[in-house]
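These notes are about the structure you will find just below.
The values are calculated or read from the model by the stated rules, or taken from the named source; none is laboratory data. What you are looking at is a predicted structure, and each value in this text was computed from that prediction instead of being measured. No Cβ is skipped: glycine too gets one built from the backbone with ideal geometry, and neighbour counts run over all protein chains shown.
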Amino acid sequence: MTSRKATRTRLAALLLAVMAGIGLSGLVAAPAQAEYGNCVGLTATEWRIEGAWVCFEPEDELLKVCDTEPDGHHASAAVRGSADDHWFEVGAYGGYLTCRTRDFNMPEDSHICYAAMIVEGNAIQYIYPTYSGWVSARDGALNGGCPGFKKEDVVME
(Lines give C-alpha, C1' and ligand atoms only; values in the text may rest on other atoms or scores of the structure.)
Protein backbone atom coordinates (compact mmCIF):
# COMPACT_ATOMS: atom_id res chain seq x y z
CA MET A 1 0.00 0.00 0.00
CA THR A 2 1.32 3.43 -0.89
CA SER A 3 1.58 6.23 1.57
CA ARG A 4 -0.54 9.38 1.31
CA LYS A 5 2.57 11.46 0.76
CA ALA A 6 3.64 9.32 -2.22
CA THR A 7 0.10 9.48 -3.66
CA ARG A 8 0.04 13.27 -3.33
CA THR A 9 3.46 13.53 -4.98
CA ARG A 10 2.29 11.42 -7.93
CA LEU A 11 -0.93 13.43 -8.24
CA ALA A 12 1.00 16.70 -8.17
CA ALA A 13 3.38 15.43 -10.87
CA LEU A 14 0.44 14.24 -13.01
CA LEU A 15 -1.37 17.58 -12.58
CA LEU A 16 1.79 19.49 -13.49
CA ALA A 17 2.26 17.35 -16.62
CA VAL A 18 -1.36 17.92 -17.69
CA MET A 19 -1.10 21.68 -17.15
CA ALA A 20 2.17 21.83 -19.09
CA GLY A 21 0.60 19.86 -21.92
CA ILE A 22 -2.38 22.20 -22.06
CA GLY A 23 -0.13 25.25 -22.08
CA LEU A 24 2.11 23.85 -24.82
CA SER A 25 -0.79 22.72 -26.96
CA GLY A 26 -2.24 26.22 -27.26
CA LEU A 27 -5.53 25.31 -25.59
CA VAL A 28 -4.94 28.14 -23.17
CA ALA A 29 -5.22 31.29 -25.25
CA ALA A 30 -2.53 33.93 -24.97
CA PRO A 31 -3.48 37.60 -25.21
CA ALA A 32 -3.60 38.95 -28.75
CA GLN A 33 -0.44 40.72 -29.87
CA ALA A 34 0.46 42.55 -33.03
CA GLU A 35 2.41 40.48 -35.55
CA TYR A 36 5.18 42.80 -36.68
CA GLY A 37 7.21 41.89 -39.74
CA ASN A 38 9.08 43.47 -42.62
CA CYS A 39 11.62 44.92 -40.18
CA VAL A 40 14.46 47.24 -41.20
CA GLY A 41 17.38 48.67 -39.25
CA LEU A 42 18.37 46.27 -36.51
CA THR A 43 16.23 43.32 -35.45
CA ALA A 44 14.94 42.84 -31.93
CA THR A 45 17.64 40.21 -31.29
CA GLU A 46 20.36 42.81 -31.97
CA TRP A 47 19.32 45.38 -29.35
CA ARG A 48 22.83 45.34 -27.91
CA ILE A 49 24.11 47.06 -31.07
CA GLU A 50 23.82 50.78 -31.78
CA GLY A 51 20.79 51.92 -33.66
CA ALA A 52 17.16 51.53 -34.38
CA TRP A 53 14.66 49.13 -35.85
CA VAL A 54 11.36 49.73 -37.58
CA CYS A 55 8.64 47.15 -38.27
CA PHE A 56 5.15 47.19 -39.77
CA GLU A 57 2.09 45.17 -38.75
CA PRO A 58 -0.36 45.20 -41.69
CA GLU A 59 -3.50 43.89 -39.99
CA ASP A 60 -3.91 47.06 -37.90
CA GLU A 61 -1.57 49.24 -40.04
CA LEU A 62 0.82 49.84 -37.12
CA LEU A 63 4.38 51.04 -37.56
CA LYS A 64 6.74 50.44 -34.63
CA VAL A 65 9.98 52.41 -34.19
CA CYS A 66 12.39 51.36 -31.40
CA ASP A 67 15.55 52.96 -29.99
CA THR A 68 18.26 50.35 -29.45
CA GLU A 69 21.21 52.35 -28.14
CA PRO A 70 21.77 54.60 -25.06
CA ASP A 71 23.69 57.16 -27.11
CA GLY A 72 21.57 60.30 -26.68
CA HIS A 73 20.24 60.09 -30.26
CA HIS A 74 16.78 58.87 -31.03
CA ALA A 75 15.49 56.29 -33.44
CA SER A 76 13.20 57.37 -36.24
CA ALA A 77 11.65 56.11 -39.42
CA ALA A 78 11.37 57.87 -42.75
CA VAL A 79 7.91 56.87 -43.98
CA ARG A 80 6.05 57.26 -47.25
CA GLY A 81 2.62 55.92 -48.13
CA SER A 82 1.61 54.99 -51.67
CA ALA A 83 -0.70 58.04 -51.78
CA ASP A 84 1.99 60.42 -50.43
CA ASP A 85 4.30 62.63 -52.47
CA HIS A 86 6.91 63.04 -49.71
CA TRP A 87 8.73 61.23 -46.88
CA PHE A 88 8.03 62.15 -43.26
CA GLU A 89 9.50 61.21 -39.88
CA VAL A 90 8.01 59.02 -37.16
CA GLY A 91 10.35 59.31 -34.16
CA ALA A 92 10.78 57.34 -30.94
CA TYR A 93 11.78 60.06 -28.49
CA GLY A 94 11.51 58.10 -25.22
CA GLY A 95 15.16 57.06 -25.12
CA TYR A 96 17.00 53.77 -24.96
CA LEU A 97 14.87 50.60 -25.24
CA THR A 98 11.67 52.54 -25.85
CA CYS A 99 9.40 52.22 -28.85
CA ARG A 100 6.74 54.32 -30.51
CA THR A 101 3.81 52.77 -32.33
CA ARG A 102 1.89 54.78 -34.89
CA ASP A 103 -1.48 53.74 -36.32
CA PHE A 104 -1.78 54.69 -39.98
CA ASN A 105 -5.38 53.50 -40.58
CA MET A 106 -4.57 52.81 -44.25
CA PRO A 107 -6.91 51.56 -46.97
CA GLU A 108 -6.42 47.84 -47.73
CA ASP A 109 -5.24 48.55 -51.28
CA SER A 110 -2.43 50.91 -50.18
CA HIS A 111 1.26 50.33 -49.48
CA ILE A 112 3.88 51.85 -47.18
CA CYS A 113 7.67 52.30 -47.47
CA TYR A 114 9.97 53.05 -44.55
CA ALA A 115 13.61 53.22 -43.55
CA ALA A 116 15.22 53.28 -40.10
CA MET A 117 17.17 56.41 -39.15
CA ILE A 118 19.26 57.82 -36.31
CA VAL A 119 18.38 61.43 -35.45
CA GLU A 120 20.02 63.99 -33.16
CA GLY A 121 17.80 66.92 -32.31
CA ASN A 122 16.06 67.58 -35.61
CA ALA A 123 18.92 66.46 -37.85
CA ILE A 124 19.20 63.04 -39.48
CA GLN A 125 22.59 61.51 -38.66
CA TYR A 126 22.26 58.18 -40.45
CA ILE A 127 19.78 56.40 -42.73
CA TYR A 128 20.03 52.61 -42.78
CA PRO A 129 20.75 51.45 -46.34
CA THR A 130 18.04 48.75 -46.42
CA TYR A 131 14.53 50.08 -47.00
CA SER A 132 11.37 48.06 -46.45
CA GLY A 133 10.10 47.92 -50.02
CA TRP A 134 6.44 48.73 -50.73
CA VAL A 135 4.63 46.78 -47.98
CA SER A 136 0.95 45.96 -48.50
CA ALA A 137 -1.50 47.23 -45.88
CA ARG A 138 -3.67 44.21 -46.71
CA ASP A 139 -1.28 41.35 -45.97
CA GLY A 140 2.28 42.64 -45.53
CA ALA A 141 3.42 41.34 -48.92
CA LEU A 142 6.22 43.20 -50.66
CA ASN A 143 5.46 44.87 -53.98
CA GLY A 144 8.63 46.43 -55.40
CA GLY A 145 11.30 48.73 -54.04
CA CYS A 146 10.89 52.05 -52.29
CA PRO A 147 11.83 55.26 -54.06
CA GLY A 148 15.16 56.68 -52.93
CA PHE A 149 15.42 59.83 -50.84
CA LYS A 150 17.97 62.16 -49.25
CA LYS A 151 18.08 63.52 -45.71
CA GLU A 152 16.64 66.85 -46.86
CA ASP A 153 13.63 65.07 -48.44
CA VAL A 154 12.26 63.95 -45.04
CA VAL A 155 9.71 66.24 -43.34
CA MET A 156 10.74 66.10 -39.68
CA GLU A 157 8.27 66.06 -36.77
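Identify the residue in the stretch 117-128 that is out of contact with any Gly (no Cβ under 7 Å at 6 or more places or on another chain) and not in a loop (DSSP other than H, G, I, E, B) and, among all such residues, is surrounded by the most Cβ atoms within 10 Å (Cβ to Cβ).
Taking the stretch 117-128 as the starting set, the residues that turn out to be out of contact with any Gly (no Cβ under 7 Å at 6 or more places or on another chain) are 117, 120-127.
Adding the requirement that they be not in a loop (DSSP other than H, G, I, E, B) leaves 117, 120, 123-127.
Numbers: M117: 27, E120: 12, A123: 9, I124: 19, Q125: 14, Y126: 16, I127: 19.
Residue satisfying both the conditions and the ranking: M117.
Taking strands (runs of 3 or more DSSP E) as the structural unit, those lying wholly within the stretch 45-116 and holding at least 3 residues that are under 14 Å from V154 (Cβ atoms) correspond to 74-81, 87-92. Within the stretch 102-152, the set of residues being aliphatic (A, V, I, L, M) and over 23 Å from P70 (Cα atoms) comprises M106, I112, V135, A137, A141, L142.
Taking the stretch 129-153 as the range and being crowded, with 19+ Cβ neighbours inside 10 Å and either in a loop (DSSP other than H, G, I, E, B) or not assigned by TED's automatic domain parsing to the domain that holds Y93 (or both) as the test, the residues that pass are Y131, S132, W134, A137, C146.
Restricting attention to the stretch 108-157, the residues that are touching a residue at least 40 places away in the same chain (Cβ under 8 Å) and either among the polar types (S, T, N, Q) or at positive phi (or both) total 6.
Do the conditions hold for E89, that is, is it charged (D, E, K, R) and modelled with pLDDT of 95 or more?
yes
The residue that is nearest to the chain's Cα centre (by Cα), counting only those in the stretch 36-75 that are charged (D, E, K, R) and at pLDDT 65 or above, is K64.
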